[in-house]
Structures are given as structure tokens and as C-alpha cells.
1. Given the conditions (1) closer than 22 Å to LYS168 by Cβ; (2) modelled with pLDDT of 95 or more, which single one is not true for ALA111?
2. How do the pairs read when you match residues in region 145-167 that are in contact (Cβ under 8 Å) with a residue 12 or more places away in the chain with residues anywhere that are of a type in the set (Lys, Arg), using Cβ under 7 Å and keeping only pairs 6 or more apart or on different chains?
3. Mind counting the residues in region 64-88 that are open to solvent by 40 Å² or more (accessible area, probe 1.4 Å) and in a loop (DSSP other than H, G, I, E, B)?
4. For a quick check of your reading of the model, give me the residue pairs whose first member lies in region 46-74 and is within 20 Å of ILE26 (Cα to Cα) and in contact (Cβ under 8 Å) with a residue 24 or more places away in the chain, whose second is among the acidic types (Asp, Glu) and not in a loop (DSSP other than H, G, I, E, B), with beta-carbon atoms closer than 6 Å and at least 6 apart or on different chains.
5. Given the conditions (1) over 13 Å from the mean Cα position of the chain (by Cα); (2) of a type outside the set (Asp, Glu); (3) open to solvent by 30 Å² or more (accessible area, probe 1.4 Å), which single one is not true for ILE5?
6. Can you find even one residue in region 95-106 that is at pLDDT 95 or above, among the hydroxyl-bearing types (Ser, Thr, Tyr) and open to solvent by 20 Å² or more (accessible area, probe 1.4 Å)?
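The values are calculated or read from the model by the stated rules, or taken from the named source; none is laboratory data. Since this is a predicted model, take the numbers as computed values, not measurements. Here the Cβ is made from the backbone with ideal geometry for all residues, glycine too, and neighbour counts use every protein chain on show. Areas reflect the complete protein model, heavy atoms only, side chains present, ligands, DNA and RNA absent. Shrake-Rupley method; radii C 1.70, N 1.55, O 1.52, S 1.80 Å.
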Amino acid sequence: MLYFIFTLNLNGWALVAAILGYLLAITIAIVFHELAHGVVAYSCGDKTAKAFGRVTLNPFAHFDIMGLLCFLFIGFGWAKPVPVNELNFKNFKRGQRLVSIAGILTNIVLAFIFSGLYYFFYFSLITHVNAFMNFLGYFILFSFLTNISLAVFNLLPIYPLDGFNFIKSFMRPDNKFVLFMQRYGSLILMLLFISSAFDYGYGWFIGLIEKAFFAFWGLF
């Protein structure tokens, strides 16, 4: 994503505004995603995340260095997994499903909000001569893109992503798909990260979702 920013041929304060806007957008997307996991786990009866200091808005409690670098340079990444003890859930299967989907739904809601702000206010902000208004415009744009990207990426049914955990909650622990993903999921993700075909397909799909969001706001 930083590469994309530098291809915009921005100079001076406009470049600084874009970079700072993206960094803040990443921070908010990651923090609220992980916070949602912790809060929902707590509401389902598990206090593990709270005990480990993960039910917090402090970004440093959630950042994973490699995941953050991937966000910066390729546009999608990950945070430190929120510790969850599923045995503490009041309702085991229900808790699994709610915790798995909580972060994704949070990012979708944030993407929805920021897409509306982008649609109605972005161009008036980004063309403003005031540096802060420029920053605000880029922040809104990148918040929309980052949240929708994080949500879609986590929907992939690959271990250890949220999409896999959600699907796993409907299966037996000895299911062949579950066992395969738990063994090879991390390797599959590494291959996807270096795959140009995945990058192209992922970007194409994100583009379709962006158009759908804007089409919705265009009705008003």
C-alpha cells in the first residue's frame, strides 16, 4: 500500500498526509478487529483476552510486526491472535461462531461508515489546501479500503483466519478439512502472499465490493 501511495506522485505535505492517514487507518482497523474478538469472547464467558490485556484500545497490545509490515507494503496483513479459551464459553458452539465472526463484522461496519464519508465528503477534503483536511481525506479513503480488505481477507477459510474458525465450528474436530488446514494453512497463506494471481483476484474482488458500497450510497 505504501508503494501505491508513492505512485500517486504526491509531494511535500500531501505525501505526509497520505502516509499518516494510512497508518492511522491501519491502526483503527486492527485495534477494533481484535477488540471485537476480546469483547465478544468476554460476553460469551471467557475472560482470557481481558486477563492478557487484549480488551483494550492500545494498538501496541494487538500489533504483530510481520503482519503490520504486510499491511504497509502489500495492503493486507494480520495482528496478534486474541487468546481465547473456548472451554469457558457458556455455549461452546455459539461462542466459537460469535467470536470468529466478530472481527469481520466490525470491519464491515467500519468500512460501511467510512465508505459513506468517502462518497459524500472525500473530494471536497482531498482538494482542500489545508494540510489537516488533506490528511482527513486520505484517512477516510484508506480506512474504507483497509477495513474492507481486512474483512475479506479474514473470510478466507484458511487456518488460522477467522473464516476457517467459523467454518470449523460447524464440523467435528477430526474432520479431514479441519485437520488439513491446521497442518498446512499457514503454508497456504505464505504461498498466497507471493502469488500474483491471488493478488490480482483479491484486488478485483475488493473492487467489486467497493462499487457495491458506492452504489448503495448513490441511492441517496
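1. (1)
2. PHE166/ARG97
3. 6
4. That search, which allows pairs on different chains as well, returns HIS62/GLU34.
5. With respect to (1) over 13 Å from the mean Cα position of the chain (by Cα); (2) of a type outside the set (Asp, Glu); (3) open to solvent by 30 Å² or more (accessible area, probe 1.4 Å), ILE5 is out only on (3).
6. Restricting attention to region 95-106, the residues satisfying the condition of being at pLDDT 95 or above are 95-106.
Filter once more, keeping what is among the hydroxyl-bearing types (Ser, Thr, Tyr): 100, 106.
With the extra rule that they be open to solvent by 20 Å² or more (accessible area, probe 1.4 Å), the set shrinks to 106.
Yes, there is a match, as at least one residue in region 95-106 is at pLDDT 95 or above, among the hydroxyl-bearing types (Ser, Thr, Tyr) and open to solvent by 20 Å² or more (accessible area, probe 1.4 Å).
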